[in-house]
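Here is the structure we will look at, set down as structure tokens.
The values are calculated or read from the model by the stated rules, or taken from the named source; none is laboratory data. Predicted model only: the values in this text are computed from it and were never measured. Note that each Cβ is placed from the backbone with ideal geometry, even for glycine, and that neighbours are counted across all protein chains shown. SASA here: full protein model, heavy atoms, side chains in, ligands and nucleic acids out. Shrake-Rupley method; radii C 1.70, N 1.55, O 1.52, S 1.80 Å.
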Amino acid sequence: MKFFYAFLLSFLCCQVALAQAFSKAASTTNTAIGFYPGQNYPADPVSYWKMRDQAIQGAKKGEWSAVLPLLEKVTLQYNDDGDSWFLLGHAYLQTKQYQQAIPAFKQALQLGTILTGVKSASAPSNDIMVKIAESYAALKDSANAMLWLNKALQARWDDRKSLINNAAFANLSGLTEFHKITGEFTQSNLASAERWQADLDFLLSEIERLHVNPYHHISKDQLQQHVNLIKKDIPQLSGPQVVFRFMQLLGSLGNGHNFILPTGAKTASLVRLPLQFYWFHDGVYVVQATEPYQHLVGQQLLKVAETPVDQVLAKLASVNARDNEMQQLWLGPYYLGLPDVLAGIGVVENAENVPLTFTTTTGQHSSVNLTGEPFSFSGFPTLPQLEQADNPLYLQNKNRNYWYKTDKENNYLYLQFNAVAQDKSQSLEAFSTEVRQQLAKSEVDNLVLDLRHNSGGNGSILPPLTRALIHFKEQRAEAKLFVIVGRNTFSAAHLLLADLNRLTDAIIVGEPSGSRPNHLGEAGWFQLPYSGVVGIISSQYHQASKAEDHRIWVAPQLPVTLDSKRYFSGKDPAMEAIVKLIKS
């Protein structure tokens, strides 16, 4: 009986902890209880709808002066639609009628809105709070402006660093409280160690403010102990060593979308080896190199100093905050190229000298000592194009966000989607329409969507492509939709994958994906005030599948892996398997 009561107490404590952990994920910025619908309904619902639609289309074109009277009529005829109030508030803001903008935005906050597709008008509640703050600032009401900025921060607003250069708050720039809100407030006459310690305190506060569930993997006490240890060690550490310890701190959070940019800080930017590594099925190989190290391309990495590469990669996991271990296959080789990280995990004694041991395909071993070079971080690397062989389709146009090609001989249209971002020459919506039209008149019966290089972007632009892909399957019951995925199919690209996996019978090809269908995501940006170190913290919970979906990745139904021999010879085993299935 005592055992039962002890078990029950332990179980209840766990449930309380879980409830507390998920309270931020489930929290809202408004309440529905006690808020009753209005009594007014439009006399002519059809005329109302046409006027509302006209206002929305005009807002999407930025015609705010023209749509303002329409929106005033729309909200007067029916006042229970948060979208209309949101657009009305924005129309007032754009036409500099700040006093009127405030109650319209507040009504939108109360009702809620999810309207998208309107430039300069972001609908999340914390963004609306910032718009309210802008309105108060324009009215020179600094107290209410800062009140609403603080409300936005408490609601996990994730673009805090943008306040510094936001012209709407220029008249607040002389206020100390405003500089604390922006995160750029600093004290003068601090020693170097004290500045880094202040940055550490700010980083911890941003983890607790932004992260949607900071203690799902590590307890609050454990996180604080980690912070205390770093703070104690800082006086003995160099700038890059402190940055490494900050990377480990984020790595301890236990999910993806927690990351420190290695470059771009005011001080202590990290350097990179002149090599790019990739973790193939048969080992870690050099896939790209600068002069004079191009002779190393194609060689397998065996050791870093005296440590075998598999043990090095295991140690590197401490800085790699990830959703699953496919992200370790993806990002482990990236961290392998950062000398300060290699020194931090104790693999090399000095970050300025990195000994590497390689072997060729014929078994000849060679060693080289390398130093890091300054670089500009522009995103995580993907497999590069080959220089010594014909490139398969998946390596031909990696610099394009999206493109397609029809292969009539093998009966498929190949669509590669490399980044969830608008292309300057053609919007994703226009591209999706073109693809749909092409498929309608095409003689091919199969569609291949390649997401292997796509690690995400702006998920709000996905619906047109998602609809086009679903439309293809709905119109052609016998046709096959193939989706090729891999380790760096992540973030917004993973949301598209999860939708297709849930709503169609798409055949998933390749490796397991780099995230979970339901995951902690989003990129909440922070910038440390003294060092200028920039990073992201996961600020939202994404449920892209059923609540009961606990899969650790989306597994392929047509499993295919890539080894070094096939890559360097220009082969694509995923497409080979797809063509074989089409012809079978």
Which residues, taken from the stretch 189-200, are without any contact (Cβ under 8 Å) to a residue 24 or more places away in the chain and either of a type in the set (D, E, K, R) or in contact with an Asp or Glu (Cβ under 6 Å, 6 or more places away or on another chain) (or both)?
GLU194
Please enumerate the residues belonging to the stretch 515-574 that are β-branched (Val, Ile, Thr), open to solvent by less than 10 Å² (accessible area, probe 1.4 Å) and not in a strand (DSSP E or B).
VAL533, VAL554
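The rows are residues; the columns are (1) open to solvent by 60 Å² or more (accessible area, probe 1.4 Å); (2) farther than 30 Å from VAL118 by Cβ; (3) at pLDDT 95 or above; (4) not in a loop (DSSP other than H, G, I, E, B).
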{"site": "ASN410", "(1), (2), (3), (4)": "no, yes, yes, no"}
{"site": "ALA468", "(1), (2), (3), (4)": "no, no, yes, yes"}
{"site": "ALA477", "(1), (2), (3), (4)": "yes, yes, no, no"}
{"site": "ILE484", "(1), (2), (3), (4)": "no, yes, yes, yes"}
Residues THR406, THR433: which one is assigned to a strand (DSSP E or B) and open to solvent by 40 Å² or more (accessible area, probe 1.4 Å)?
THR406
Only one of (1) in a helix (DSSP H, G or I); (2) surrounded by fewer than 14 Cβ atoms within 10 Å (Cβ to Cβ); (3) not basic (Lys, Arg) does not apply to VAL243, and that is (2)
Quick check on LEU249: is it free of Cβ contacts under 8 Å to residues at least 60 places away in the same chain and either crowded, with 21+ Cβ neighbours inside 10 Å or farther than 16 Å from THR357 by Cα (or both)?
yes
Only one residue in VAL354, VAL319 is more than 19 Å from ARG245 (Cβ to Cβ), among the aliphatic types (A, V, I, L, M) and open to solvent by less than 10 Å² (accessible area, probe 1.4 Å). Which one?
VAL354
All positions within the stretch 446-463 that are open to solvent by less than 50 Å² (accessible area, probe 1.4 Å) and out of contact with any Phe, Trp or Tyr (no Cβ under 8 Å at 6 or more places or on another chain)
GLY459, ILE461, LEU462
Return the residue satisfying two criteria in turn: it lies in the stretch 361-370 and is in contact (Cβ under 8 Å) with a residue 40 or more places away in the chain and out of contact with any Ser or Thr (no Cβ under 7 Å at 6 or more places or on another chain), and of such residues it is most open to solvent (accessible area, probe 1.4 Å).
THR361
Per the filter on the stretch 89-143, residues free of Cβ contacts under 8 Å to residues at least 24 places away in the same chain, of a type outside the set (S, T, N, Q) and more than 24 Å from GLY38 (Cβ to Cβ) are PRO124, ASP141, ALA143
Can you tell me which residue among LYS315, LYS266, LYS303 is part of a helix (DSSP H, G or I) and either β-branched (Val, Ile, Thr) or over 21 Å from the mean Cα position of the chain (by Cα) (or both)?
LYS315
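Test ALA198 against the stated conditions and say whether it is open to solvent by 20 Å² or more (accessible area, probe 1.4 Å), modelled with pLDDT of 95 or more and not in a strand (DSSP E or B).
yes
From the set of residues in the stretch 164-179 that are hydrophobic (A, V, I, L, M, F, W, C) and in a helix (DSSP H, G or I), which is modelled with the lowest pLDDT?
The residue in question is ILE164.
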Could you tell me whether the stretch 69-90 includes any residue that is among the hydroxyl-bearing types (Ser, Thr, Tyr), open to solvent by 40 Å² or more (accessible area, probe 1.4 Å), assigned to a helix (DSSP H, G or I) and within 21 Å of ALA55 (Cα to Cα)?
no
Go through the stretch 415-430 and give me each residue that's among the aliphatic types (A, V, I, L, M) and either in contact (Cβ under 8 Å) with a residue 24 or more places away in the chain or open to solvent by less than 10 Å² (accessible area, probe 1.4 Å) (or both).
LEU415, ALA419, VAL420, ALA421, LEU428
A careful count of residues in the stretch 285-300 that are assigned to a strand (DSSP E or B) and over 26 Å from the mean Cα position of the chain (by Cα) gives 4
Residues satisfying the stated conditions in the stretch 162-188, i.e. surrounded by 16 or more Cβ atoms within 10 Å (Cβ to Cβ) and in contact (Cβ under 8 Å) with a residue 60 or more places away in the chain
GLY183, GLU184
Find the residue count for the stretch 271-284, including only residues that are open to solvent by 60 Å² or more (accessible area, probe 1.4 Å), under 19 Å from GLY363 (Cα atoms) and either assigned to a helix (DSSP H, G or I) or of a type outside the set (Phe, Trp, Tyr) (or both).
2
Search result, residues across the stretch 486-507 that are surrounded by fewer than 18 Cβ atoms within 10 Å (Cβ to Cβ) and part of a helix (DSSP H, G or I):
ARG502, LEU503
Between a residue in the stretch 295-317 that is at negative phi and any residue that is of a type in the set (Lys, Arg) and not in a helix (DSSP H, G or I), which pairs come within a Cβ distance under 7 Å, given they are 6 or more apart or on different chains?
VAL309/LYS303
Any residue that is open to solvent by 10 Å² or more (accessible area, probe 1.4 Å) and touching a residue at least 60 places away in the same chain (Cβ under 8 Å) - is there at least one of those in the stretch 216-234?
yes
Please enumerate the residues belonging to the stretch 116-152 that are in a loop (DSSP other than H, G, I, E, B) and open to solvent by 30 Å² or more (accessible area, probe 1.4 Å).
THR116, GLY117, LYS119, SER120, SER122, PRO124, LEU139, LYS140, ASP141
The condition of being over 30 Å from TYR541 (Cβ atoms) and either buried (at least 16 other Cβ atoms within 10 Å of the Cβ) or among the hydrophobic types (A, V, I, L, M, F, W, C) (or both) holds, among ALA155, ALA191, only for ALA191
Given the residues PHE431, PHE482, PHE417, which is the only one that is farther than 20 Å from ILE507 by Cβ and of a type in the set (Phe, Trp, Tyr)?
PHE431
